Amino acid sequence: MSEQVKVPQVGGQRVRVGAEAELPEGSQTEVTVDGVSVVVVRYEGQFYALRNNCTHKDYPLLGGEVSLGRITCQKHGAKFELATGKAKTLPAVKPVRIYRTLVEDGVVSVTPL
């Protein structure tokens with residue numbers, strides 16, 4: 001009988017995004033964490049997770065251009081910092097919620113902060 005290893009929960013539901021090797025640089029993946037759509041972005045070798053929702057007009061961030069550490073909403077061009085969720089350009093003024101990303105044994109997962 002094999003022993004099960006319990007992975008500690010950090011803040012809430014832990015959601016598997018995928019194998020690190022299957023998430024190439026520049027990839028964007030959508031997952032659901034505690035009933036909320038989250039976009040996971042691989043940028044410059046790091047993983048970032050943000051609520052998949054522009055705070056300006058409730059439009060998905062998934063598929064938005066990623067550059068200079070920011071993701072751009074395709075609807076009106078608001079930019080959000082990947083690491084902090086801060087709104088960096090108008091028309092958005094409120095930050096977008098960020099999530100914790102974890103890479104363990106080559107597997108990427110997301111939990112609420």
Expected vector for segment 103-113, Karplus 3J(HN,Hα) from phi with 6.51, -1.76, 1.60 and θ = phi - 60°, integer Hz, x for Gly and Pro, equals 10, 9, 6, x, 10, 9, 9, 10, 9, x, 6
Please list the non-local residues whose amide H lies under 5 Å from the amide H of residue 17, H modeled 1.01 Å from N, same-chain partners needing a gap of 5 or more. 108, 109, 110
Karplus ³J(HN,Hα) for segment 76-89 (6.51 cos²θ - 1.76 cosθ + 1.60, θ = phi - 60°; Hz, whole; x = Gly/Pro) runs 10, x, 5, 10, 10, 5, 4, 6, 10, x, 5, 6, 9, 9
Proximal aspartates and glutamates to residue 75, defined as alpha-carbon separation beneath 12 angstrom and excluding residues fewer than eight positions away on the same chain: 58, 65
Given the options 102, 68, 50, which has the most mean-square fluctuation in a GNM of the chain, springs set between C-alpha atoms less than 10 angstrom apart? 68
For segment 15-112, with only Lys/Arg (+1) and Asp/Glu (-1) charged at the beta-carbon, what is the dipole magnitude about the Cα centre, in debye rounded to 20? 620
Going by C-beta contacts inside 10 Å, put 16, 51, 100 in order with the fewest on the left. 16, 100, 51
Gain in span if fully extended, residue 103 to residue 74, counting 0.36 nm per residue against the direct Cα distance: 7.6 nm
Amide H neighbours of residue 70 at under 5 Å, excluding residues fewer than 5 places away on the same chain, with H built from the backbone geometry, are 82
Using the count of nearby Cβ atoms within 10 Å as a rough guide to exposure, how do 29, 89 rank from fewest to most? 89, 29
Here are a few candidate values for semi-axes √(5λ) of the Cα gyration tensor in Å: (1) 22, 18, 12; (2) 27, 15, 10; (3) 21, 15, 14. Which one was actually calculated from the structure I just gave you? (2)
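Every number here is computed from the coordinates shown, using simple stated rules; none is lab data. All of these numbers come straight from a predicted model, not from anything done at the bench. We place every Cβ from the backbone using ideal geometry, glycine too, and count neighbours over all the protein chains shown.
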